[in-house]
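The values are calculated or read from the model by the stated rules, or taken from the named source; none is laboratory data. Just so we're clear, the structure is a prediction, and the values are computed from it rather than from any experiment. All Cβ positions, glycine included, derive from the backbone under ideal geometry; neighbour counts span all protein chains shown. When the accessible area is computed, the model is the full protein with side chains, heavy atoms only, and any ligands, DNA or RNA have been set aside. Shrake-Rupley method; radii C 1.70, N 1.55, O 1.52, S 1.80 Å.
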Amino acid sequence: ISLSLGDFPILCQTCLGENPYIRMTKEKYGKECKICARPFTVFRWCPGTRMRFKKTEVCQTCSKMKNVCQTCLLDLEYGLPIQVRDTGLAIKDEVPRSDVNKEYYTQNMEREIANSDGTRPVGQLGKATSSSDMLLKLARTTPYYKRNRPHICSFWVKGECKRGEECPYRHEKPTDPDDPLADQNIKDRYYGINDPVADKLLKRASTMPRLDPPDDKSITTLYIGGLGDTVTDGDLNHFYQFGEIRTITIVQRQQCAFIQFATRQAAEMAAEKSFNKLIINGRRLTVKWGRSQAARGKEGIKDGVSEMGTRLDPVPGLPGALPPPPALDEEAPANYFNLDPSTSPAVMNIALPPPPGINPPPPGFGPPMFHPMGPMAPPMPPPMSMRPPGQIHYPSQDPQRMGAHAAHGSRHGD
């Protein structure tokens with residue numbers, strides 16, 4: 001059986017559903033197109049279990065002129081509304097609105113479609129060669145099957161639905177009627193005007209982070225962060241496609257690199273093509289502009305201020321800064337043993353233990369006799385006339401110290 005291209009609808013993956021085996025009904029010239037009002041072949045199918053039946057809404061000619069799905073009228077390449085796609089590609093809509101001009105324009109487009117190979121869009125969209133980074137960021141990468149769910153049961157909202165679980169519609173609370181997404185028009189979506197879904201996506205695109213080039217034209221260096229520990233010069237070959245590179249400096253400790261281009265134009269192109277899109281060795285890298293030497297010298301280190309200029313809040317639970325040490329008087333002597341400064345330092349008369357190999361004397365016989373000039377002789381204590389009067393004071397016997405009484409008692413027990 002020979003089948004022509006018109007025997008199959010032009011649909012996106014979301015409208016087809018996740019089941020690869022679906023049954024469609026085909027009605028030739030069953031409805032009129034909601035854009036050009038000409039009769040066309042209508043296809044009807046169910047995209048999955050617990051989903052609503054869907055059908056084609058516009059003819060294939062109107063679908064090919066805008067490269068959109070015949071059911072949801074979203075772009076087949078990006079899955080975005082026509083208004084968002086035309087804004088990203090800077091395409092101006094030229095489809096006429098009056099009936100006579102619309103019919104004439106449609107006939108010319110059908111002739112152009114018949115002469116093309118069918119692999120590329122026709123009209124203004126076919127002439128747009130460059131892609132948009134905004135469209136790549138907003139585009140869906142996977143189908144959104146929740147769009148095929150049944151509509152909300154109006155009887156359940158009023159409390160009058162008697163079907164229960166057998167009701168094919170959703171028993172959920174409807175959205176706010178003042179929500180702009182609740183008022184959508186298929187013609188506005190096709191012509192790319194007053195589309196609330198497109199307005200929502202364009203607002204999201206305007207709030208996305210972007211990397212603006214610095215005003216100083218002498219800056220041609222890009223900062224690449226988050227490289228990891230094992231990065232080499234070969235991993236940064238991605239940047240050679242944008243222009244001549246003067247130097248590549250890799251800082252292993254900071255896991256970053258500085259790439260200096262020979263021209264400012266090459267650096268701007270590298271920043272535009274790599275910001276929020278560069279992945280090397282499974283890591284999404286951070287791309288920033290470098291700073292000039294003059295600006296770097298003017299920046300001072302401020303407490304509580306980060307490198308980007310934002311003020312950092314103190315971390316709770318951490319101890320505060322230590323107080324500064326007290327000022328030292330150079331003339332005051334250092335008192336390391338907490339001795340009373342009013343009394344003169346006492347001379348400690350401590351008998352040294354005998355050297356190894358010499359047995360200690362028996363009790364009552366006094367210390368062993370050494371030759372006064374011998375090398376093993378202990379130092380002689382000072383004579384009694386040089387000793388200061390009063391009791392010898394030891395720091396461990398100070399009653400103000402902790403454990404002084406216990407140490408004193410144990411010494412007496414020995």
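Once segment 159-218 is narrowed to residues that are over 30 Å from residue 63 (Cα atoms) and of a type in the set (Gly, Ala, Ser), the residue that is least open to solvent (accessible area, probe 1.4 Å) is 164. State which residue is farthest from residue 144 (Cα to Cα) when the search covers only segment 65-78 and only residues that are out of contact with any strand residue (DSSP E or B) (no Cβ under 7 Å at 6 or more places or on another chain) and modelled with pLDDT of 90 or more. In this case the residue turns out to be 70. For the criterion of being over 25 Å from residue 134 (Cβ atoms) and either in contact with a strand residue (DSSP E or B) (Cβ under 7 Å, 6 or more places away or on another chain) or in the same structural domain as residue 150 (by the TED database) (or both), residue 87 fails. Here residue 221 passes the criteria (1) touching a Gly at 6+ places or on another chain (Cβ under 7 Å); (2) open to solvent by 60 Å² or more (accessible area, probe 1.4 Å); (3) not aliphatic (A, V, I, L, M) except the one numbered (2). Of everything in segment 269-293, what is open to solvent by less than 10 Å² (accessible area, probe 1.4 Å) and in a helix (DSSP H, G or I)? Give them in sequence order. Selection gives 270, 271, 274. Total residues in segment 238-263 satisfying the condition of being of a type in the set (D, E, K, R) and within 27 Å of the chain's Cα centre (by Cα): the figure is 1. No other residue among 268, 244 is modelled with pLDDT of 85 or more, of a type in the set (Asp, Glu) and over 26 Å from residue 87 (Cα atoms) apart from 244.
Checking each residue in segment 252-261 for being surrounded by fewer than 16 Cβ atoms within 10 Å (Cβ to Cβ) and either in contact (Cβ under 8 Å) with a residue 60 or more places away in the chain or within 16 Å of residue 291 (Cα to Cα) (or both) picks out 258, 260. Within segment 121-158, being surrounded by 12 or more Cβ atoms within 10 Å (Cβ to Cβ), out of contact with any helix residue (DSSP H, G or I) (no Cβ under 8 Å at 6 or more places or on another chain), modelled with pLDDT of 85 or more and not aliphatic (A, V, I, L, M) holds for 149, 150, 153, 155, 156.
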